[in-house]
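Enquirer: If you scroll down you'll find the structure; I have some questions about it.
Just so you know, all these numbers are worked out from the coordinates, no wet-lab data involved. Everything quoted here is computed from the prediction, not taken from an experiment. No Cβ is skipped: glycine too gets one built from the backbone with ideal geometry, and neighbour counts run over all protein chains shown.
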Amino acid sequence: MDQNSNRRMRRRSSLNLHRNRAFVAPEPKAPKGNLLVRLLGLAAVLLVSFSLAWAAHMYFTVHNAIDSASGNNSATSGRIAARQPISVLILGVDQGLEGRHDQGNSDTMILATANPGKKSATMTSIPRDTLADIRDDPGNKYFMFRINSAYEVGGNKTAVKTVSGLLNVPIHYYVEVNMKALKSLVNAVGGVDVQVPFDFSYDWCDFHKGKQHLNGRHAVAYVRMRKEDPRGDYGRQLRQRQVIQAVVDKAMSVNTLSNYRKLVTIFNKYVKTNLTFNDMFALAMSYRGCMDNLKSGYIQGHDAWINGSSIQVASTKELQKISNRIRKNLDLPTETLQNEEVRQNRLNTENNHVDWKNPDAFTNYQIFELNQDRPESKTANQNNSTTNSSQSSSSKKSWFNIFNK
């Protein structure tokens, strides 16, 4: 092919390429508004990703904190997973108050039940001075003693067994809260609102009848005062239940970063429980309706002086009434109580003619020997009283000097 032919071929190809370009649509230029939409979309994706990461962080932090308190067991219990009725013993222990570092007593004892089928719940306060057979007490040194000493004898395990035996009810879970944490807990949720039953002052804090907002320091004073309450320890139990319920309600609604971190720190340091994180999550989801039908109460005792000690003795009728109420909410049939507390009441009624209708404090109530229908000898009583006094003097001193001012 000659040079003229090559020039003609190149000229045709160039002409055809120019014609083809004429038929191709030009690339559209991106409008300026689309660029802003893309940036906003990218920001939204990043925000969602950050939120999910933070939610996961919160979830696992709370998960680890609660499971650490329950012994690193994260499984949901079969009872809660099946939405069966449950019972929880709430123990407020007095360790750490005013520099104390010994075992201490569980001077706040509340047995709570929840029945998701009936959508009902109960909270029963157990007075700290209630006479009870302390279960699992080695050597029976605390045979028939104040129920709050059960924790000192064997911690939450003995406290659970003692309350269970007193009322003939199963106790599935426990939550042990160091009372030193109360001030921090209340502050962490931003304070709590309570209905103050009457005007009073305690520990440099003033309280006025009606609705009042309490910070941590005021909340501690509010639940500790007893002597100025016309109902004594029973009035204090009512105020304890008020604060506990208010803290729970506020804690369930807290979602700020600072409060969330504070609550996790306090829970990890001051709370012991056999409820796992999954248990608590399931309770929040499946048992929440129970709180709409909450019935609060307490075991009413009779004043008594036994071996020189002030004791609250619950009648068999009272114990049976409380047992029936709790068993009913647990979907259990009622059973006639047959325990050591009932036996002591029967023997005192038969032998000492104790009159349960007499409002005056008993002075003739005696502790009968274990498995025998005769009262303990004076020598045994004195030795037992001396042993109890020497072994638990620090805890008694703490309760009377700290909580009962």
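Enquirer: Find the Cα radius of gyration of region 213-321, compare it with 2.2 N^0.38 Å by division, and give the number to two decimals. Write down the numbers at each step before the final one.
Expert: Numbers: Rg = 18.1 Å, N = 109, 2.2 N^0.38 = 13.1 Å.
Taking N as the residue count of region 213-321, the ratio is 1.38.
Enquirer: Now for a different question. Which parts of region 183-208 would a label at LEU294 reach, counting a residue when its backbone N lies under 13 Å from a point 7 Å out along Cα-to-Cβ?
Expert: Hits in region 183-208 for LEU294 at 13 Å: 193-195.
Enquirer: How far apart, in nanometres, would the label points at LYS209 and LYS119 be if each is projected 7 angstrom from Cα along the Cα-to-Cβ direction?
Expert: 3.5 nm
Enquirer: Then there is this: Looking at the square roots a ≥ b ≥ c of the eigenvalues of the Cα gyration tensor of region 126-219, which shape do they give, rounded for a/c under 1.5, prolate if a/b is larger than b/c, or oblate?
Expert: Cα axes put region 126-219 in the prolate bin.
Enquirer: Which length gain, in nm to one decimal place, applies between ASN364 and ASP331 when the Cα-Cα distance is subtracted from 0.36 nm times their residue separation?
Expert: 8.0 nm
Enquirer: Shifting gears a bit: Within a 10 angstrom radius of the beta carbon, how do LYS295, LYS183 rank from fewest other beta carbons to most? Could you put the intermediate results ahead of the total?
Expert: On the way: LYS295 12, LYS183 17.
Fewest-to-most Cβ neighbours within 10 Å comes out as LYS295, LYS183.
Enquirer: Output the pairs from LYS161/LYS183; LYS180/LYS357; LYS119/LYS272; LYS119/LYS211; LYS250/LYS272 with a Cα-Cα distance over 32 Å in this structure; if there are none, say none.
Expert: The answer is LYS180/LYS357.
Enquirer: Sticking with this one: Would you mind ranking MET280, MET144 by Cβ crowding within 10 Å, fewest neighbours first?
Expert: Lowest to highest Cβ neighbour count: MET280, MET144.
Enquirer: On to the next question. Compute the FRET efficiency between ALA251 and GLU350 as 1/(1 + (r/R0)^6), taking r as their Cβ-Cβ distance and R0 = 60 Å, and round to the nearest 0.05.
Expert: On the way: r = 50 Å, r/R0 = 0.83.
For R0 = 60 Å, the calculated efficiency reads 0.75.
Enquirer: Could I ask something else about it? Say each of MET285 and SER310 gets a label point 7 Å from the Cα, pointing the same way as Cα to Cβ; how far apart are those two points in nm?
Expert: For MET285 paired with SER310, the spin-label model returns 4.9 nm.
Enquirer: Roughly how far apart, in whole Å, are the Cα centres of region 357-372 and region 179-252?
Expert: Measuring centre to centre over Cα atoms gives 34 Å.
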